[in-house]
Structure formats: structure tokens, C-alpha cells
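Okay, structure first, notes after.
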Amino acid sequence: RATRGGEEVRGYVPSMGQIFLRRFQMVTQFRQALEEGQLSVHYQPKIALPNKHVLGVEALVRWQHPEFGKVDPDEFVPAVEAAGLVGVLTSFVLEESLRRARRWLDEGLRISVAVNLSVRNLADAEFPAKVVAALERFGVPAELLTFELTESGVMADPQRALPILRELHSLGIVLAVDDFGTGYSSLAYLRQLPVDQVKIDKSFVLGMGTDLGDLAVVRSIVELGHSLGLTVVAEGVEEDLARDQLEAMGCDVAQGYLISRPLSEERLEAWLQARTAR
Ligand code: C2E
Ligand code: CA
Ligand code: CA
Ligand code: CA
């Protein structure tokens, strides 16, 4: 990205060649970075509306690169996908998340974990078997695992993706359509997918306080989702006003900076404890 904060301050804009080189380096270094522990998973809480119970967390990968510093998933995940390495990434995030869920179970807490999938995962016929093996290894019930997938991910190759999604769903894993409203979302299409949740894209949620168009989109997704029997999740909840509006519309779940930023495992534990102590 040409306008990353630090570089902008110094008036430094990388050339196309530099961006390409950086991407190339990230891809070639990815496996080693994983082994060396440069990648970690942060977790962002999701709460029920209106009672504010913590229902689950979304796992979001982080890369602390020795040379480039903090690299955004928006930058490296697409590169890792293009290089055919996303299976390794998903396995890492899945295992970290299930290990976390297992610890909560041991503490008597039922908190679900949501992992983002990429198109490539949905093209891997072996993927459901790998997931089953991981669930068994950690002793986590399938109902405590959610997969978030984008519509474009499913629509890239529906013939291949659909049987995999059906298999995951029949295991009891919760499936959520991410970034809903940004793609070619249609009611007909949503009905054909074996999904349980829609996540309203944060662009609409961020805009709904000031833009009547965004507010209308959010309201219609809540209605559409409910009419199809789905749980509706809003991401990008940054302000009290948005939370109140969502609550009034009957939106089921909220996630966003207002509730918490994505947190390291350690900070999440502290956050959870402070919350239950209240
Ligand atoms: P996403 O799945 O749509 O994740 C939500 C993004 O919104 C996260 O960015 C999160 O930090 C950010 N966010 C959460 N609350 C707020 C808020 O209130 N306001 C604003 N402005 N933003 C908020 P992040 O962590 O940078 O991740 C970006 C994207 O990278 C994710 O978008 C997802 O598509 C991808 N990604 C992250 N982790 C993984 C992973 O483990 N595997 C795969 N395949 N993709 C991942
Ligand atoms: Ca997501
Ligand atoms: Ca999203
Ligand atoms: Ca996104």
C-alpha cells in the first residue's frame, strides 16, 4: 500500500517495483515466519444485543515482520492466497482458535470462535476432514466453531464450494456470510447457501449514523436476514448511536471498536475478566 501511516509522514511513497518486491518477499518468507512465531492471532469479541453477553470472538491474524513491522492482513492474506499457501494459514489460525476455545471450556465458559476462510479453502475437498480432525484433537464441539466466508469466495466456484459448505454445515459448524451487502448479494442466492448468519459489512454500519442510504441498507439486511431465519451480525460498531440503532432494529449481534478492538490472547483474558467482575 502506498500510503501506510509511517511512510507517509516521512514523505516516502514506495514505487510499484518496491510494492511488488515486498509482496514477493512476504510470500517467500511466509512459512518460515509461521515457524518462527512472527504470526499470531488476535481476537475481537462479539456481543449479543441487547443483553451484551459475550457470544464469541473473531480470530484475526497478525504478522509482526522483522523488517516491515506490523503488516496488515489485508496486505498479506491476498498474497498468501495467490501463492497457494492459504491452507497453511487457515490451519494455523484454526488451531490457535480451537486451543483458545478448549481453555475456555476448561474454565466452564462457552465462547465460540470464528475463523475467516479464503476461496482456496473452499476448493480443497480435504478441508472438512482436516477440520474434523482438528475439532477432535482439541475436543471442541463443532457448534463452537464458526467459519466466515465472503460471497465472492463462494461465487468464485460454487460447484466446488457448495458441497464443502454443506459438509461443514452438516457437522454442526456455524457458517456466516461476511461483508454482506458489498458483493452481488441477492435473496435468491442467500437462500441457496447453507448458512446460519449474515454479517453486515462495516462500511454500512460505519455510515448509518450520518447516511440515510446506509441506514436503509442495514435495516433491510436485518429484515432480510430474519425473514430467512438467519442470525444478523453487525461489524464496525464504533459508536453508541450505531449500537442503539442496531438494537432498535433487532440486530442480534454486535462487533466493533465500541465493544473492543481485536486483542492479543493475553489482553482478551484481562478484558473478559474485567467484564465478568462487573
Ligand atoms: P474482516 O473479516 O471483514 O474482518 C473485520 C476487520 O474489521 C478486521 O480488520 C477488524 O480489525 C476490523 N474492525 C473491527 N471492528 C472495527 C470497527 O469498529 N471499525 C473499523 N473501522 N474496523 C473494525 P483486520 O484485522 O485488519 O482484517 C482485515 C481482513 O483480513 C479481514 O476482514 C479478513 O478478510 C482478512 N483476515 C484477517 N484474518 C484472517 C485470517 O486468519 N484468514 C483469512 N483468510 N483472512 C483473514
Ligand atoms: Ca470476518
Ligand atoms: Ca467483514
Ligand atoms: Ca473485509
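The values are calculated or read from the model by the stated rules, or taken from the named source; none is laboratory data. As the structure is a computational prediction, the values presented were derived from the model and not from experiment. Cβ: placed from backbone, ideal geometry, glycine included. Neighbour counts: every protein chain shown.
Residues in segment 150-177 that are farther than 12 Å from Pro194 by Cβ, of a type in the set (Asp, Glu) and more than 18 Å from the chain's Cα centre (by Cα): 1 in all. Does Ala82 fit the bill of being surrounded by fewer than 16 Cβ atoms within 10 Å (Cβ to Cβ), among the aliphatic types (A, V, I, L, M) and out of contact with any strand residue (DSSP E or B) (no Cβ under 9 Å at 6 or more places or on another chain)? The answer is yes for Ala82.
The residues of segment 231-258 that are in contact (Cβ under 8 Å) with a residue 12 or more places away in the chain and out of contact with any helix residue (DSSP H, G or I) (no Cβ under 8 Å at 6 or more places or on another chain), listed by number, are Val233, Glu239, Asp240, Leu241, Arg243, Glu247, Asp252, Val253, Gln255, Tyr257. Would you be able to say whether some residue in segment 25-37 is part of a loop (DSSP other than H, G, I, E, B) and either within 17 Å of the chain's Cα centre (by Cα) or surrounded by fewer than 18 Cβ atoms within 10 Å (Cβ to Cβ) (or both)? Yes, some residue in segment 25-37 is part of a loop (DSSP other than H, G, I, E, B) and either within 17 Å of the chain's Cα centre (by Cα) or surrounded by fewer than 18 Cβ atoms within 10 Å (Cβ to Cβ) (or both). With respect to Ala48, is the statement that it is in contact with a helix residue (DSSP H, G or I) (Cβ under 8 Å, 6 or more places away or on another chain), under 30 Å from Asp240 (Cα atoms) and either touching a residue at least 40 places away in the same chain (Cβ under 8 Å) or exposed (fewer than 15 other Cβ atoms within 10 Å of the Cβ) (or both) true? Against the criterion (in contact with a helix residue (DSSP H, G or I) (Cβ under 8 Å, 6 or more places away or on another chain), under 30 Å from Asp240 (Cα atoms) and either touching a residue at least 40 places away in the same chain (Cβ under 8 Å) or exposed (fewer than 15 other Cβ atoms within 10 Å of the Cβ) (or both)), Ala48 does not qualify. Applying the condition of being assigned to a loop (DSSP other than H, G, I, E, B) and among the hydrophobic types (A, V, I, L, M, F, W, C) to segment 200-241 and asking which residue is surrounded by the most Cβ atoms within 10 Å (Cβ to Cβ) yields Val237. Take the conditions (1) away from ligand 2 (no atom under 16 Å from the Cβ); (2) closer than 26 Å to Arg62 by Cβ; (3) surrounded by 15 or more Cβ atoms within 10 Å (Cβ to Cβ); Asp106 misses just one of them, which is (3).
So that you can scan it fast, the table gives a plain yes or no per residue for (1) modelled with pLDDT under 95; (2) within 16 Å of ligand 2 (Cβ to nearest atom):
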position	(1), (2)
Leu206	no, yes
Gly209	yes, no
Leu241	no, no
Asp244	no, no
Glu247	no, no
Ala254	no, yes
Leu258	no, no
Ala270	no, no
Ala274	yes, no
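Tally the residues that are within 13 Å of ligand 4 (Cβ to nearest atom) and under 16 Å from the mean Cα position of the chain (by Cα), restricting the search to segment 187-204. Qualifying residue count for the region: 5. Looking for whichever is within 16 Å of ligand 3 (Cβ to nearest atom), among the charged types (D, E, K, R) and under 20 Å from the mean Cα position of the chain (by Cα) here; the options are Arg261, Arg267. Which one fits? Going through Arg261, Arg267 in turn, the sole match is Arg261. Here Phe127, Phe76, Phe138, Phe147 are screened, and the one residue that is more than 14 Å from the chain's Cα centre (by Cα), among the aromatic types (Phe, Trp, Tyr) and under 20 Å from Leu165 (Cβ atoms) is Phe127.
Yes/no matrix, rows are residues, columns are (1) more than 30 Å from Lys130 (Cβ to Cβ); (2) out of contact with any Leu (no Cβ under 9 Å at 6 or more places or on another chain); (3) more than 13 Å from ligand 1 (Cβ to nearest atom):
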{"residue": "Ile173", "(1), (2), (3)": "no, no, yes"}
{"residue": "Phe180", "(1), (2), (3)": "no, no, no"}
{"residue": "Gly207", "(1), (2), (3)": "yes, no, no"}
{"residue": "Arg219", "(1), (2), (3)": "yes, yes, yes"}
{"residue": "His226", "(1), (2), (3)": "yes, yes, yes"}
{"residue": "Gly229", "(1), (2), (3)": "no, yes, yes"}
{"residue": "Leu272", "(1), (2), (3)": "no, no, yes"}
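In the set (1) in a helix (DSSP H, G or I); (2) modelled with pLDDT of 95 or more, the condition left unmet by Val61 is number (1).
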